[in-house]
Structures are given as C-alpha cells and as structure tokens.
1. For a quick check: sort 108, 162, 97 by the number of other beta carbons within 10 angstrom, fewest at the front.
2. Would you mind ranking 115, 224 so that the residue whose beta carbon has the fewest other beta carbons within 10 Å leads the list?
3. Calculate the length of the line joining the C-alpha centroid of segment 209-255 to that of segment 178-207, in whole Å.
4. Taking the beta-carbon count within 10 Å as an exposure proxy, list 272, 158 from fewest neighbours to most.
5. Cα gyration tensor of segment 174-286, axes a ≥ b ≥ c as square roots of the eigenvalues: rounded (a/c below 1.5), prolate (a/b > b/c) or oblate?
C-alpha cells in the first residue's frame with residue numbers, strides 16, 4: 001500500500017511528491033498541536049487568586065470607581081497566551097521591554113504583541129514559500145531549492161518585526177538627540193524666568209511637540225510622574241533609560257548632582273546647554289567632513305568613465321580606422 005501511495009504522489013506532484021506530502025503533513029500537525037499546547041488547564045491556586053481579584057473588583061465597582069478608572073486595551077485575546085508569548089527569563093524580558101520602550105511602544109502588551117507578530121509573520125511567510133514551491137517552481141526543482149524556497153521566507157517573516165523595532169528605535173533616538181539642545185535652551189530660559197524645574201519641563205513639552213514629538217512625550221511623561229508624587233531622581237533616571245541617548249543620561253547626571261550638592265539648577269543648565277550646542281556643531285562638522293569620502297565612489301563611477309571616453313574615444317577610433325585601411 002505504501003508503494004501505491006508513493007506512486008500516486010509521484011504521479012500527482014512529481015518526483016518530489018513524497019517530500020511535499022510529508023511537509024504538508026508536518027505543517028498540519030503543527031497547526032493542530034498549537035491549540036492543544038496553548039490551552040493549558042488552569043492551576044487551582046491561580047483560579048483561587050482570580051476569584052479573590054474578581055471579588056475585589058466587584059467591591060470596587062459598587063463604589064463606582066472601578067468603571068471610571070479602568071481602561072480597556074483590547075488585548076484580552078493575547079493575555080491568556082502570556083506564558084507562550086513572553087520569555088520566562090526575567091532579564092531577557094526586561095531587555096525586550098527596554099527596546100520596545102526606546103522604540104516608542106509603551107503598552108503593557110507590547111512584548112506579547114511583538115512575539116505574536118514574529119510568530120504570525122513567520123508562519124504566513126512559511127506558507128507563502130510552501131505555496132510558491134508547490135505551484136510556481138515546477139517539477140524540476142531540487143530538494144535543496146525546495147527547502148530554501150520554504151525556509152528563507154519563513155526566516156524573513158520572523159525577523160521583519162525585529163528589523164522594524166530596531167529601525168524605529170534608531171529613528172527615535174536620533175530625533176531625541178537632535179532636539180535635546182533646543183529643549184535645554186528653552187528649559188534654561190524658563191528656569192531663569194523664575195519657573196520651577198517641574199513647570200519648565202511642562203512648558204518645554206508643550207513647545208517642542210511640533211518639531212520633536214518623541215522628546216516632547218518623554219518630558220510630558222516626566223511631568224506626569226512628578227505630579228503623581230514619584231521621586232524626581234527616579235523619574236529622571238527612568239527618562240534616561242527610556243531615551244537611550246548618552247546626552248540625556250549626562251543631563252540626568254548633572255541634574256542629580258546639582259540637587260545633591262545644592263548648586264543652582266540654572267547655572268548647571270547654562271553650562272550643559274552650551275556644551276550641547278557645541279556638541280551639535282561638532283556633529284554637523286563631522287558629517288560635513290565625511291561627505292566627500294562618501295561621494296568619492298560615486299564620483300569615480302559616474303565621472304571618470306565618461307571623461308575617459310571623451311578623451312581617449314576619438315584616438316581609439318582613429319587607430320581602429322587606420323588599422324582597417326592599412327590592412328585593406
């Protein structure tokens with residue numbers, strides 16, 4: 001019977017019919033096994049904790065406070081797969097959260113969404129590669145080409161979210177680095193005008209939002225956390241960690257030292273703002289000095305060959321004509 005099935009597959013799908021059938025069967029088994037793996041039985045202790053929490057929420061709802069303060073995020077479908085979509089290693093989880101924060105994704109379910117997109121895009125691109133290998137590649141495709149046609153799209157789909165996060169993170173860090181000197185100048189003006197540091201941060205967040213929205217969001221978050229009663233030093237350190245820019249980390253260090261030693265915040269801001277302006281000028285000069293080196297290759301490719309054709313082309317043509325006429 002196995003020989004008959006093998007012959008049938010070869011007749012229908014070509015010489016690689018058994019391999020293709022095994023691949024399709026493997027994908028189907030994975031799709032059937034995943035729901036079973038994800039639907040784990042709830043632990044009795046977890047069920048008891050959920051009942052206690054449900055009772056607490058019901059008591060709060062009687063007072064009318066829970067309904068007003070709760071905000072639904074639309075992530076209930078991913079919450080039950082948290083153990084599958086989040087790393088078990090706490091250090092790895094914190095590292096992914098920090099990267100997502102630096103990329104601008106601050107939601108509680110950002111890590112779950114990120115891993116879900118990796119899994120979903122990997123499976124979708126894997127199926128697309130399988131469809132391409134089955135219907136578009138033809139019967140003369142080798143086993144190695146078949147594996148490459150299936151695996152390369154799957155790996156590409158898995159790494160697309162990582163590339164997107166890293167690109168967003170770099171763009172956001174560049175935006176914060178570019179707008180930070182202007183924010184410091186504005187903060188210095190506000191402090192010298194008699195405003196406190198908290199009021200200056202709020203004003204800076206409002207004024208720079210049109211040009212640097214990422215930096216404005218960071219300052220606005222700092223202002224809200226200070227209003228909520230969080231310690232200023234902790235808030236500033238969290239801002240430096242979220243931004244991921246060395247200039248912001250240095251600014252936080254200056255502010256902490258100024259508060260610790262009791263020196264004037266305005267004087268510290270004046271010195272550091274001047275340093276940031278000089279640093280921005282130095283970055284611009286560095287880019288201007290690198291530009292000729294980057295243009296050298298383009299100049300050699302698009303300028304030298306046409307110049308050689310113009311200068312040497314007529315001589316080569318005359319030599320060719322003279323050789324032909326002399327030969328005749």
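The numbers here are math on the coordinates, done by the rules we state, and not lab data. Keep in mind that this is a model prediction, so the values were computed, not measured. Cβ atoms come from the backbone with ideal geometry, glycine included; neighbour counts cover every protein chain shown.
1. Values: 108 10, 162 13, 97 17.
Ascending number of Cβ neighbours within 10 Å: 108, 162, 97.
2. So the residues, fewest neighbours to most, are 224, 115.
3. 12
4. On the way: 272 21, 158 18.
Ranking 272, 158 by Cβ neighbours within 10 Å, fewest first, gives 158, 272.
5. rounded
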